[in-house]
Amino acid sequence: MTRAMFGRAMRAVDATAPTTDMSAELASLAMPSPVLTASGCAASGRELDQFFDITKIGAIVTKSVMLRARSGRPTPRMCETPSGMLNSIGLQGPGIEQFIEEDLAWLRARGARTVVSIAGESVDEYGKLAQKLRIVEGVDAIEVNISCPNVVNRNQVFACDPEMAANVIQTVRRQSDSKTPIFAKLSPDVTDITEIARAVVRAGVDGLTVINTSLGMVIDVETMRPALAGVTGGLSGPAIRPIALRCVWQIRQALPDIPILGVGGIRTGVDALQFILAGANAVSVGTMTFNDPSAPMRVHNELAIALQDRGFESVSQAISYGHRAADIFEPEDEGEAEPE
Amino acid sequence: MPVQVRGEVLDVRRAGVYYVLSVTAPGIPEQYRPGHFVTIGIGGEESGLILRRAFAIHQVQSRGVYGGTLDVVVGVQGKGTRWLSERRRHDILDIVGPLGKPFILPKEGVPCVLVGGGYGAAPLFMLAEQLRERGCRVDVVLGASTEEKLYGVLDIKRVSSMLTITTEDGSSGTKGRVTDALPGIIERNDSAVVYACGPMGMLAAVADIASEYRAYSQCSVEESMACGIGICMTCVLPVVGDDGVTRMVRSCIDGPIFRGDLVRWDEIGTIPADALGAPALDAS
């Protein structure tokens with residue numbers, strides 16, 4: 001009797017645990033999950049490891065590191081906005097040397113796959129950062145942050161100019177181990193994101209992270225001054241999800257083969273699914289990790305169920321499925337589609 | 001190590017202009033030390049208010065009918081705190097804690113002063129109890145702009161050697177500020193440690209007075225934070241380290257309790273020019 005009940009309980013568990021193959025690839029980086037953290041939303045993984053096993057997700061994307069220690073911008077650095085937040089941190093960090101000695105060493109000892117995000121103020125600095133990373137272990141990929149809006153000269157966001165973006169990527173590519181995949185993180189604040197995407201692909205990038213924050217602003221009506229000390233800041237969270245998704249979609253249409261890491265306001269498994277259907281090979285959970293420190297792991301689990309519910313046996317089957325030939329869609333009128 | 005738990009609301013009761021929220025939080029009371037805080041998710045899983053709100057832990061009970069429970073004191077300041085004040089019994093909350101570094105307690109039974117501004121009094125109750133258990137004299141000063149913004153006057157009276165109340169409008173206790181009363185208390189009792197929680201301006205003034213009287217001070221700061229666990233870098237303030245170098249440190253995991261004499265109070269909201277990694281003076 002007891003055994004029979006136990007057996008039934010076991011079968012019930014088996015029936016609900018999704019069997020989806022969650023393995024994912026970003027260029028040559030193979031991962032057991034398509035869910036990563038996002039740069040600037042996970043520090044270097046140590047704090048989040050208290051809430052879930054960081055080796056179980058795709059990878060930790062570390063906070064953008066610069067050549068030297070940097071204090072960042074004054075406070076207030078943050079402001080809540082509808083379904084999102086503005087930040088103006090200004091790339092506070094320890095500098096590459098200390099990052100390698102402490103953070104990267106910890107991640108390697110912990111056995112977490114690591115995508116190291118780098119940020120420079122000049123092409124030369126990006127090159128030097130790549131040189132430093134070339135000679136250390138534990139760098140599974142490099143994400144080149146060419147799109148941080150919180151830099152001194154906001155007219156010099158590399159990702160807003162195809163030539164400048166390509167220069168940075170060429171330099172990093174030259175200075176890096178040829179086996180290390182390099183991703184460029186793009187800004188949505190451009191007229192045509194596919195133009196920038198094409199430029200960095202030509203420059204030798206292995207994949208694209210789509211997208212960074214979008215520049216925004218809030219005025220405090222009590223003080224009647226900008227709410228952030230940095231005046232403007234990067235908008236993130238679910239508020240930018242449709243923009244991020246549109247960017248992934250457009251780039252996938254323009255560049256059918258480039259690996260894409262989709263980022264922007266992902267909160268749940270079905271949010272992640274939207275990005276994968278739009279063409280992302282993997283996704284990052286960013287700002288929503290502030291809301292729920294277990295979010296990357298939870299999104300992984302929810303995504304496995306969401307895929308299985310729709311008949312997908314693996315993540316890879318669902319990639320770009322939203323782009324499938326029009327004849328299997330319902331007949332559609334010309335012009336504006338109805339919102340779902 | 002902090003845990004993330006689903007807590008069940010047991011009670012929300014009014015206390016002056018504040019609300020005291022009692023909630024089950026298995027795993028948190030067991031690890032609690034005075035000064036720890038929790039963060040609470042706002043509005044449920046679909047909420048447009050995506051940032052958790054941070055609260056100093058007011059009281060904990062490790063055992064009892066409900067297992068581990070804790071209380072926080074909520075001052076309604078905006079949509080998020082209003083939502084919390086409107087919770088009812090059996091509602092479920094997403095709670096993370098215990099977070100931050102707690103107050104450091106003296107090894108010996110030295111005289112201590114506890115200073116609370118408004119609902120900043122919240123973390124001082126269990127601190128007072130633990131100090132008393134160590135044989136410390138515990139003087140308490142609570143202050144607010146007006147009587148209804150004082151918190152916990154009757155309760156803290158029970159655990160304090162002497163309680164002093166100040167209000168700026170004179171509606172309760174002595175008219176004035178906590179810092180008007182503090183020097184006399186330190187002098188009379190030869191206080192060795194000053195613990196403080198409240199607005200930044202009050203903390204700065206308390207830290208100055210403590211330094212003046214060569215008392216050690218422990219201040220619990222309130223900086224706006226997005227994550228509470230050390231990953232967002234929004235809640236930084238300039239603090240001098242053991243090596244004499246000023247760094248922009250996270251109030252969530254390097255604090256919220258700081259030695260008052262090490263915080264560069266006047267420069268909060270700036271990057272001091274000599275802080276580690278500060279922009280070079282010749283740049284822009």
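Please list B:262-270, A:136-144, A:40-48 highest first by mean number of surrounding beta-carbon atoms within 10 Å per residue.
The densest-packed peptide leads the list: A:40-48, A:136-144, B:262-270.
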Worksheet item: How would you order B:72-84, A:215-227 from highest to lowest mean count of nearby Cβ atoms within 10 Å?
Response: B:72-84, A:215-227
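Enter the mean number of other protein chain beta carbons within 10 Å of the beta carbon of each residue in B:49-55, as an integer.
5
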Worksheet item: Does anyone have the angle between helix A:193-202 and the longest principal axis of chain A? Alpha-carbon axes, 0 to 90°, nearest 10?
Response: 80 degrees
Discussion item. Give the average, rounded to an integer, of partner chain Cβ atoms located within 10 angstrom of each Cβ in B:59-70.
Written reply: 0
Fill in: chain A: calculated mean residue ellipticity at 222 nm from DSSP helix runs of at least 4, using -39500 (n - 2.57)
-9000 deg cm²/dmol
Worksheet item: Which aspartates and glutamates does A:Lys179 reach when only Cα atoms under 17 Å apart count, and residues fewer than 8 places away in its own chain are ignored?
Response: A:Glu25, A:Glu137, A:Asp140, A:Glu143, A:Asp206
Practice prompt. Among A:Gly90, A:Gly111, A:Gly230, determine the one that fluctuates most according to a GNM of chain A built with springs between C-alpha atoms less than 10 Å apart.
Written response: A:Gly111
Worksheet item: Over the stretch A:54-188, what is the relative contact order in whole percent, taking alpha-carbon pairs under 8 Å and six or more residues apart?
Response: 24 percent
Worksheet item: Which of A:Lys56/A:Lys185; B:Lys79/B:Lys149; A:Lys63/B:Lys149; A:Lys185/B:Lys79 have a Cα-Cα distance over 29 Å?
Response: A:Lys63/B:Lys149; A:Lys185/B:Lys79
Fill in: Peptide B:268-275 - average C-beta neighbours from other chains (10 Å radius)
3
Practice prompt. Could you calculate the contour length gain from A:Arg202 to A:Glu163, that is, 0.36 nm times the residue separation minus the distance between their Cα atoms, to one decimal place in nm?
Written response: 13.0 nm
Worksheet item: Mean projection of the alpha-carbon convex hull of chain B over all orientations, in nm²?
Response: 16.1 nm²
Worksheet item: Tell me, what is the FRET efficiency for A:Met217 and A:Val123 to the nearest 0.05, using R0 = 25 angstrom and their Cβ-Cβ distance as r?
Response: 0.30
Worksheet item: What distance in nm separates the simple spin-label points at B:Asp266 and A:Gln98, each placed 7 Å from Cα in the Cβ direction?
Response: 2.6 nm
Discussion item. Given the DSSP H assignment, sum -39500 (n - 2.57) over each helix run of at least 4 residues in chain B and divide by its residue total; what's the result at 222 nm in deg cm²/dmol, nearest 500?
Written reply: -5000 deg cm²/dmol
Worksheet item: Gaussian network model of chain A, Cα springs within a sub-10 Å range: biggest mean-square fluctuation belongs to which of A:Arg267, A:Arg324, A:Arg241?
Response: A:Arg324
Response to the item:
Out of B:Ala122, B:Ala54, B:Ala181, a Gaussian network model of chain B with alpha-carbon springs under 10 Å gives the largest mean-square fluctuation to B:Ala181
Practice prompt. Of the options B:Ile253, B:Gly269, B:Ile229, report the single residue whose Cα projects farthest towards the positive end of the charge dipole of the stretch B:224-284 (beta-carbon charges: Lys, Arg +1; Asp, Glu -1).
Written response: B:Ile229
Worksheet, complete the sentence: Projected onto the charge dipole of the protein assembly as shown (unit charges on the beta-carbon of Lys, Arg, Asp and Glu, signs +1, +1, -1, -1), the Cα from A:Val283, B:Val239, A:Gly264 with the largest positive-side position is that of B:Val239
Worksheet item: When the convex hull of the Cα atoms of the stretch B:224-284 is projected onto a plane and the area is averaged over all directions, what value comes out in nm²?
Response: 4.7 nm²
Worksheet item: What nm distance separates the two modelled labels at B:Glu148 and A:Lys179, each placed 7 Å from Cα along Cα→Cβ?
Response: 7.0 nm
Discussion item. Can you compute the charge dipole magnitude of the protein assembly as shown about its Cα centre, using +1 on each Lys and Arg Cβ and -1 on each Asp and Glu Cβ, nothing else charged? Give it in debye, rounded to the nearest 20.
Written reply: 1420 debye
Discussion item. Once R0 is set to 22 Å, what does the formula 1/(1 + (r/R0)^6) return for the Cβ-Cβ distance between A:Ala17 and B:Arg89, expressed as a FRET efficiency to the nearest 0.05?
Written reply: 0.05
Worksheet item: In percent, what relative contact order does the stretch B:103-222 have, based on Cα pairs under 8 Å that are 6 or more apart in sequence?
Response: 26 percent
Worksheet entry | B:Val17 versus B:Glu108: modelled label distance in nm, points set 7 Å from Cα along the beta carbon direction | 4.2 nm
Discussion item. Students often get this wrong: which residues of the stretch B:134-166 have the backbone nitrogen under 17 Å from the point 7 angstrom along Cα-to-C-beta of B:Glu187?
Written reply: none
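We did not get these values from a lab; they are worked out from the coordinates using the rules stated. None of the values given here were measured: they were computed from a predicted structure. With ideal geometry, Cβ positions are generated from the backbone for all residues, glycine too; neighbour counts draw on all protein chains shown.
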